[in-house]
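Below is one structure; the comments refer to it alone.
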Amino acid sequence: MSTKKPKSSDHNSSDQKGPAMIDLDALRVVGQPIDGHVPDVPPALAWEDRKLHYNLVNPSNRRKFTVIVVGTGLAGAAAAAALGELGYNVEVFTYHDVPRRAHSVAAQGGVNSPRDRKVDNDSIERFVKDTVKGGDYRGREVDAFRLGQEGVRVIDHMQAIGAPFAREYGGQLATRSFGGVQVSRTYYTRGQTGQQLEIASAHALSRQVAAGTCRLHSRQEMLDLIVKDGRARGIVVRDLVSGKVRALTAHAVVLATGGYGNIYYKATLAKNSNATAIWRAYKRGAYFANPAFVQIHPTALPLMSRWQSKKILMSESLRNDGRIWAPKAKGDERNPNDIPEDERDYFLERRYPAFGNLVPRDVASRNIRERIDAGYGVGPLKNAVYLDFRDAIGRLGAAIVRERYSNLFDMYNEQTGEDPFATPMRIAPSVHFTMGGLWSDYDMQTSIPGLFVGGECGWGYHGANRLGANSLLSGCVDGWFTLPYSVPNYLAGYLGESPLDLADDAVQDTMREVQARLDRLVGNKGTHGPDHFAAKLGEILDQYASVSRDPAELAAAIKQIQALRKEFWRDVKVIGDGDRLNQELEYAGRVADYLELAELLVLDALDRDESAGAHFRTDHVTPDGEAMRDDENWTFVSAWQAPSDSGPDAGKPIRNYEPLVFTAVPLQQRNYK
């Protein structure tokens with residue numbers, strides 16, 4: 001159990017002054033501890049205790065409240081549909097033309113649920129242990145209990161609203177394993193689980209739109225948050241077709257806008273996924289938690305050309321039957337089928353015999369990257385390793401393998417022209433998910449009262465490394481089974497209060513600021529489009545803040561990002577104007593936010609003087625090459641506060657911190673060997 005509250009003296013800049021002489025005090029301010037409002041009961045009882053003490057809103061009063069939900073992925077569509085079903089007026093915003101196009105459709109492999117239907121000794125307690133341990137003890141233990149407890153309900157609920165989960169021959173729901181666990185708790189719909197869950201949730205939302213409880217605003221992008229008297233009171237959006245900027249006010253705002261992985265330029269995310277909504281909220285006072293915690297997925301298609309626009313995910317589920325290997329000889333250019341068994345290095349199985357190919361994502365990615373960097377990479381650019389199904393096909397037969405992974409094999413074949421049944425896949429690590437996001441308390445409320453988060457745009461559950469198939473689970477749990485309880489608890493205190501008038505100074509001032517930013521972008525007379533700067537930023541982050549991080553290189557990256565941001569505002573060129581459809585303008589605004597968020601991400605990586613999960617510092621490594629945490633000084637969540645505009649510390653972000661306590665899963669060094 002860890003109850004130590006970190007002190008600023010435990011992790012100040014002097015700890016990192018060495019050969020590189022990095023003065024962190026010149027870059028940030030150490031703030032104060034913050035309260036996560038966790039119930040003062042054993043963690044296994046916390047969620048039931050909290051629900052019992054939530055304030056309620058009488059059914060006849062619910063229609064008097066308006067809630068804005070931004071985003072229609074799993075968390076957003078679910079929260080909007082559930083709140084609408086309860087009788088609240090819900091205003092739903094998406095920059096897509098229809099809700100079902102949200103990026104949740106891209107999730108492939110499955111959704112976890114500790115229902116223990118396989119009689120393999122699974123349980124909620126084991127799920128919590130796996131999740132906390134997988135996150136390397138940098139997430140709230142009590143949150144993991146809620147994720148597991150409500151996760152038991154997710155499968156039946158999603159099946160009831162239309163998700164066609166795979167079944168065994170006898171009719172029972174099928175499961176498989178994912179990385180970081182030794183049980184089979186992942187439910188799936190072949191390799192398109194996210195798509196099927198999103199379609200089911202979007203249908204539930206459409207039902208509420210038809211019923212009149214939810215009003216859908218498509219092709220609308222949130223560009224700012226309206227805050228008055230310290231409370232979230234609405235949002236400012238831009239119509240992506242007409243270019244019109246307008247405001248909408250409400251009693252509460254829910255952000256479910258996804259992660260910020262596209263800050264790396266080439267990631268597995270949809271190209272429109274962005275960080276603007278959460279970054280605008282941060283600028284208005286919401287704390288940003290652990291921005292450096294970025295997941296590098298081990299099984300994506302490797303880049304085959306510098307002109308490739310993005311990377312493509314290959315589901316973690318493939319590691320159930322596929323074996324990862326590299327040639328034992330450097331620079332081996334033989335056809336993989338011509339390389340004998342004794343000349344293949346199944347390095348994950350060799351290094352981690354207990355978990356083998358199903359080690360957590362951060363561990364797998366580091367080991368794959370190490371093999372590639374050491375000269376054992378394969379493929380035209382020598383930037384991949386093999387994922388081989390030869391043994392599974394021999395053991396199970398091609399028909400069974402095709403039944404399990406057909407759409408994934410087809411996708412690989414379409415992208416590479418190679419048949420995974422005949423030759424091993426080539427895979428490489430890629431940015432995929434962000435564990436960091438807006439800080440929220442146990443009730444999913446940010447540091448701005450009335451502003452809630454759900455899904456990947458928040459920081460909850462996953463710590464420093466998300467276990468596979470916990471992403472779809474957290475989106476469902478947040479949207480269907482958490483926010484519909486916690487948002488009404490907040491609303492109950494404002495019965496009789498009307499939403500802010502659109503003529504209010506806070507609304508008008510925010511709209512003017514949004515319009516001024518747009519005008520500045522359109523009016524800039526530069527020579528390069530926004531993609532030029534996004535690509536350069538991606539190169540910096542990929543080099544200095546990816547699978548591994550070195551403190552001196554992180555310090556250099558901050559300076560490079562600062563210089564690139566100045567160059568952007570001096571030299572960006574946006575073709576067209578702002579009063580019509582203009583995708584260059586949309587992208588320019590997002591890149592401008594990336595350039596600010598990137599500096600905070602790198603600063604967080606430099607500030608956190610330890611290795612933990614996906615945050616792998618080269619100066620904090622165990623003798624056998626694993627991440628070395630510093631539990632004495634860093635068992636907390638970094639919650640960054642936007643800098644002030646005046647005073648001696650003007651311009652410096654403030655790192656507040658929420659101490660983490662572990663009682664059910666005591667602190668220990670992770671071991672997957």
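The values are calculated or read from the model by the stated rules, or taken from the named source; none is laboratory data. For clarity, every value in this text was computed on a predicted model and none was experimentally measured. Here the Cβ positions follow ideal geometry from the backbone for every residue, glycine too, while neighbour counts run over all protein chains shown. Remember, those area values only see protein heavy atoms, side chains included, never the ligands or the DNA or RNA. Shrake-Rupley method; radii C 1.70, N 1.55, O 1.52, S 1.80 Å.
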### Query
Would you pick out the residues in the stretch 165-203 that are free of Cβ contacts under 8 Å to residues at least 24 places away in the same chain and assigned to a strand (DSSP E or B)?
ARG167
### Summary
Per the filter on the stretch 225-268, residues open to solvent by 20 Å² or more (accessible area, probe 1.4 Å), within 24 Å of the chain's Cα centre (by Cα) and hydroxyl-bearing (Ser, Thr, Tyr) are THR257, TYR265
### Task
Sort out which residues of the stretch 303-315 are of a type in the set (A, V, I, L, M, F, W, C), part of a loop (DSSP other than H, G, I, E, B) and open to solvent by less than 30 Å² (accessible area, probe 1.4 Å), and write them in order of number.
MET314
### Task
Report whether or not ASP593 is farther than 21 Å from ARG517 by Cα and not hydrophobic (A, V, I, L, M, F, W, C).
no
### Query
Do we have any residue at all in the stretch 317-326 that's polar (S, T, N, Q) and part of a loop (DSSP other than H, G, I, E, B)?
no
### Query
Within the stretch 645-666, can you find the residues that are closer than 17 Å to LEU603 by Cα, surrounded by fewer than 20 Cβ atoms within 10 Å (Cβ to Cβ) and of a type outside the set (Lys, Arg)?
ASP649, ALA650, GLY651, ILE654
### Message
Out of the residues in the stretch 269-279 meeting the condition of being surrounded by 23 or more Cβ atoms within 10 Å (Cβ to Cβ) and in contact with a strand residue (DSSP E or B) (Cβ under 7 Å, 6 or more places away or on another chain), tell me which one is nearest to ALA588 (Cα to Cα).
### Response
ALA277
### Message
Being surrounded by 18 or more Cβ atoms within 10 Å (Cβ to Cβ), assigned to a loop (DSSP other than H, G, I, E, B), under 25 Å from the mean Cα position of the chain (by Cα) and of a type in the set (Gly, Ala, Ser): is that true of GLY76 here?
### Response
no
#### Entry: Considering residues of the stretch 363-385 that are open to solvent by 10 Å² or more (accessible area, probe 1.4 Å) and under 20 Å from GLY468 (Cβ atoms) only, the residue nearest to the chain's Cα centre (by Cα)
ARG366
### The listed residue being more than 25 Å from ALA354 (Cα to Cα) and modelled with pLDDT under 95, out of PRO659, PRO648
PRO648
### Task
Please enumerate the residues belonging to the stretch 549-607 that are closer than 15 Å to HIS532 by Cα, β-branched (Val, Ile, Thr) and open to solvent by less than 40 Å² (accessible area, probe 1.4 Å).
ILE561, VAL572, VAL574, VAL591
### Message
For the stretch 465-475, which positions are in contact with a Ser or Thr (Cβ under 8 Å, 6 or more places away or on another chain) and not small (Gly, Ala, Ser)?
### Response
LEU467, ASN470, LEU472, LEU473
### Message
Let me confirm something: among ILE558, ILE575, which residue is touching a helix residue (DSSP H, G or I) at 6+ places or on another chain (Cβ under 6 Å) and closer than 27 Å to GLN641 by Cβ?
### Response
ILE558
### Query
Can you find a residue in the stretch 318-329 that is surrounded by fewer than 23 Cβ atoms within 10 Å (Cβ to Cβ) and among the aliphatic types (A, V, I, L, M)?
yes
### Query
What about ASP609, is it assigned to a loop (DSSP other than H, G, I, E, B) and closer than 18 Å to LEU24 by Cα?
yes
### Query
Looking at VAL38, is it touching a helix residue (DSSP H, G or I) at 6+ places or on another chain (Cβ under 6 Å), in a loop (DSSP other than H, G, I, E, B) and at pLDDT 95 or above?
yes
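Each row is one residue, and each column tells you yes or no for (1) open to solvent by less than 50 Å² (accessible area, probe 1.4 Å); (2) at pLDDT below 95; (3) touching a Phe, Trp or Tyr at 6+ places or on another chain (Cβ under 6 Å).
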site: PHE93; (1), (2), (3): yes, no, no
site: ASP116; (1), (2), (3): no, yes, no
site: ASN121; (1), (2), (3): no, yes, no
site: VAL128; (1), (2), (3): yes, no, yes
## Note on the structure
Going through (1) buried (at least 20 other Cβ atoms within 10 Å of the Cβ); (2) at pLDDT 95 or above one by one, VAL152 fails only at (1)
### Summary
Filtering the stretch 426-442 for residues that are touching a strand residue (DSSP E or B) at 6+ places or on another chain (Cβ under 7 Å) and under 25 Å from TYR485 (Cα atoms) leaves a count of 6
#### Entry: Selected residue (only one of GLY170, GLY212 is over 30 Å from GLY134 (Cα atoms), open to solvent by 10 Å² or more (accessible area, probe 1.4 Å) and at pLDDT 95 or above)
GLY212
